[in-house]
Each structure stands twice: as structure tokens, then as C-alpha cells.
Amino acid sequence: MFKKGVSMKGSSRLDILLLLSLLLLFGVGVSLLYGKGPTPLDMHKIEDNKVLMQLSSLFASHSITKIADFLDKVITPQQQVRIINQILDNNKQLLAEEKISLVLMLMAKTADQKQRLELLDLMLQNKKTAKDLKEIPLLYLALDKNYDSVVQTLIDRLSVQPNDLRTSAYDALTYAINNNNTGVANKLLSYKNNITGDDATTLLWEVVNKNKSELLVNTFIKMGAIPNDSRAGKTLLITAVENNEQEVVDALLANGADINLIKDPAIGSALQTAIRKGYTPIELLLRQKGARE
């Protein structure tokens, strides 16, 4: 009887300790969920599956910032990498952009360059994420979220293979054009980007053909785009006139476009195009800027 009592007492203590551990872990998750920050505990020995279980409510609420805070403050960098790997592979609650944003947030939170690179390489080498990054360029997201330290880490990593940096920058700029995000395009000007003059000219055509912001005209000409480039007998200026984009026309003229340039007599000049199309405001603008018939 005595031995049995000791056994039961020991078992009860273990149950109590286990319950306390779970309650403490639950408390950390609740405090993060309600914005109070994690309790200062030594969570380094909590198993990965329990960490993921604790994060489930944050996954369901898509609280990316709070998930990043939890992973940054509660677990070790080594465990952080393991948890992120599982999230990238197996989590079906978070959207692709949310997973990528989560990794970028964690990279921004650490001053340890080695940890940043480890998280970055983990994401770049993940097969599922690699597909998502074709749709949402990583460099674009980092620039858009103002993660300056992360952008520099990306640039440094991509610079190892110059064509990788060029391709990544081109993809980010194309995405910026499609989203009319002049901020991202201008930010990329301040970083080494390996964009060639031909790249910039092609991107400028994208701006003109898709009737995007005139502010992007200045950006790409600064990157080396040729303002008087022509395709099929039409200059960029004539194409902007055809699209009835007065602001783009004005921006091209302000950045060196030749107002009277004719590449194909059958098409004529920008002014002739405006007259033919009946675009009176653009016609008046061109005349004020010195266009001749």
C-alpha cells in the first residue's frame, strides 16, 4: 500500500507539471493574440508540434505580425528555421504571400546576417515557395514592405550570380508596373540592380502600352531607357498619344522625347497622330511644346 501511494503521488506530480507547462504555453499564445507580448519564459525545449499547435489560432486569424513576434521572441533561431520549414511545406491556412511576408518579417527582426541568410535560403530552396515567388517577386515584397535590411541581404545574395539579380530586379519592376507602384520602382533605383538600358526601355514600353503612371516614365529613363525608342514605326511618344495619355505624353517630353520625330511617314508625327485621333487637349499640349505639322 505504501509503495502504491508513492507511485500515485509521483504520477500526480508529473501530471501537474505537464499541465502547468501546457498552461504556460497557452498563456504565451493568448498574450500574443491580444497584443500583450509573450511571457518571458524559457521556451527553448518546447517541441515543434506544440509550438505549431499553439500558433493554430494565429494561423486561423491570419495574424502574420503576431506569428512573427511569437517565433522571434519565444523560440530559438534554430527552432525558428524548423518551424518555418514546416509552415512553408504543410500549412494550408496561410496564403502564399502571407508565408513569404512572414519569412521577410523574421529576417527583418534579426540583426544576425547568418540567420537572415538561412531563412532566405530556406525559402528560395523550398519547392512550393519557389512556384509562389514566380507570381509574387520576393524583391518586390521586400521593397514594398520597407524592409531595408532584408532588401540589402537579397541584393547581396543575388549578386553572387549577376543574372539572378538582373532577373529578380526585372520581375520586381514588372510587378511594380502592373500594380502601378511607383514607390517600389523608385526604391530600386537606390540599390544595385543590374538592369540594363535595354531592360529599362522594354519596361518603359510596358508603362506606355498599359497606360500606367507617368511617374514611372521618369524612373525608367533614369535607369537608362531610351525616350525616343520606336517599334513598328511608332515612337514611345506617338504610342502615348494614341493611348490618349496626356500625363504620359507630358512626362516623355520632359524626359527628352523628340516632339517632331517621324519614324514612318505613313504614321507621321505625334501631332499628326493627335489631330487624326481628335485628341484636342493633347494636340494643344504638343503645339505649346513646339510641335510642327
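The values are calculated or read from the model by the stated rules, or taken from the named source; none is laboratory data. Computed from a predicted structure; not experimentally measured. As a convention, Cβ positions derive from the backbone with ideal geometry for all residues, glycine included, and neighbour counts pool all protein chains shown.
Remarks
- Residue in the stretch 211-220 that is aliphatic (A, V, I, L, M), surrounded by 19 or more Cβ atoms within 10 Å (Cβ to Cβ), farther than 30 Å from Asn244 by Cβ and without any contact (Cβ under 8 Å) to a residue 40 or more places away in the chain present: no
- Pairs where the first residue, in the stretch 170-184, is surrounded by 20 or more Cβ atoms within 10 Å (Cβ to Cβ) and the second is among the acidic types (Asp, Glu), C-beta under 6 Å, 6+ apart: Tyr170/Asp199; Ile177/Glu206; Val184/Asp144
- Checked against (1) surrounded by fewer than 17 Cβ atoms within 10 Å (Cβ to Cβ); (2) on the phi < 0 side of the Ramachandran plot; (3) of a type outside the set (A, V, I, L, M, F, W, C), Thr201 meets all criteria but (1).
- Residue satisfying all of: in the stretch 238-261; of a type outside the set (A, V, I, L, M) and in a helix (DSSP H, G or I); surrounded by the most Cβ atoms within 10 Å (Cβ to Cβ) among these: Thr239
- Qualifying residue in the stretch 136-146 (condition: in contact (Cβ under 8 Å) with a residue 40 or more places away in the chain, touching a helix residue (DSSP H, G or I) at 6+ places or on another chain (Cβ under 7 Å) and of a type in the set (Asp, Glu)): yes
- For the stretch 262-293, a residue qualifies if it is part of a loop (DSSP other than H, G, I, E, B) and either touching a residue at least 40 places away in the same chain (Cβ under 8 Å) or surrounded by 14 or more Cβ atoms within 10 Å (Cβ to Cβ) (or both), and the qualifying residues are Ile262, Lys263, Ile267, Gly268, Ser269, Tyr279, Lys289, Ala291.
- Summed over the stretch 34-51, residues that are surrounded by 13 or more Cβ atoms within 10 Å (Cβ to Cβ) and at pLDDT 50 or above total 4.
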